[in-house]
């Protein structure tokens, strides 16, 4: 059994008394020797935390005493080692940076599509557009077969990417997805406001889909924002790595390329105008 449980969850719900809640969670996570990040905002909570089973269970139990979080659930994946270096509890203006006013997932969400229902749609060959709302470097590691990438470097670029989508796509059934679901919570209402009439978001994102449906209709792995870099359809670490110079994720095969030098360069950034990027 893996020594570490990786816990991720979020909830869009009005929260109050944020400074007091931050102090409370700082003390608790310190006492439990947990590591990761908890983001608090007036719009809700977002967290990625790892530690022993008893510690993550104690954190969830404490969070469920907060008004609005009583039924908070989380996605889990195992690892042999602690993927985070430290524990941070921060107060932010948004729990996922988007920068568009008037988007309120708590009161005006896009409909959610459960993972097993999406698999059924894909098994049946339903005419549906799959929109990958993640950043390009995440998409290159893996995505659903036939999915349309948003074509963005940062999530804040998403509104501009939506404006560039074909007009005829607005009337088609569309299912958007991301790593764990939180980006789609804001992307979905935005797309509906932009005139897309049949928008769903994959509930729980790719990680929940892996948990319930395995790798059906999905090619590759899923990028995660910790030391593991990527997980496969069994939610196990894949051996992928990040290039120190350009921060592009590298598969194990790419790490065998002679141009990959740990902490220096990779095949994607090895040369820029004939000069290794690390020395440019």
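FYI, it's all coordinate maths here, none of it is from the lab. What you see is a predicted model, and the numbers here were worked out from it, not measured in a lab. Cβ: placed from backbone, ideal geometry, glycine included. Neighbour counts: every protein chain shown.
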Task: Neighbour-count order for 66, 148, fewest beta carbons within 10 angstrom listed first - done: 148, 66
Open item on the list: Connecting C-alpha atoms closer than 10 Å in a GNM of the chain, tell me which of 142, 181, 102 has the biggest fluctuation.
Closed with: 102
Open item on the list: Once each part is reduced to its C-alpha centroid, what is the distance from the stretch 136-184 to the stretch 27-73 in angstrom?
Closed with: 29
Task: Cα Rg, Dmax (largest Cα-Cα span) when computed across the chain, Å - done: 19.5, 58
TODO: With springs only between Cα atoms under 10 Å apart, run a GNM on the chain and tell me which of 269, 178, 213 wobbles the most.
DONE: 269
TODO: Arrange 134, 35 by Cβ neighbour counts within 10 Å, fewest through most, would you?
DONE: 35, 134
- [ ] Show that you can apply the helix-only estimate: for the chain, add -39,500 (n - 2.57) for every DSSP H stretch of four or more residues, divide by all residues, and state [θ] at 222 nm to the nearest 500.
- [x] -7000 deg cm²/dmol
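Output the relative contact order of the stretch 4-91, whole-number percent, from Cα pairs under 8 angstrom with separation of 6+ residues.
46
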- [ ] Treat the count of other C-beta atoms within 10 Å as a stand-in for reagent exposure and order 93, 8 from fewest to most.
- [x] 93, 8
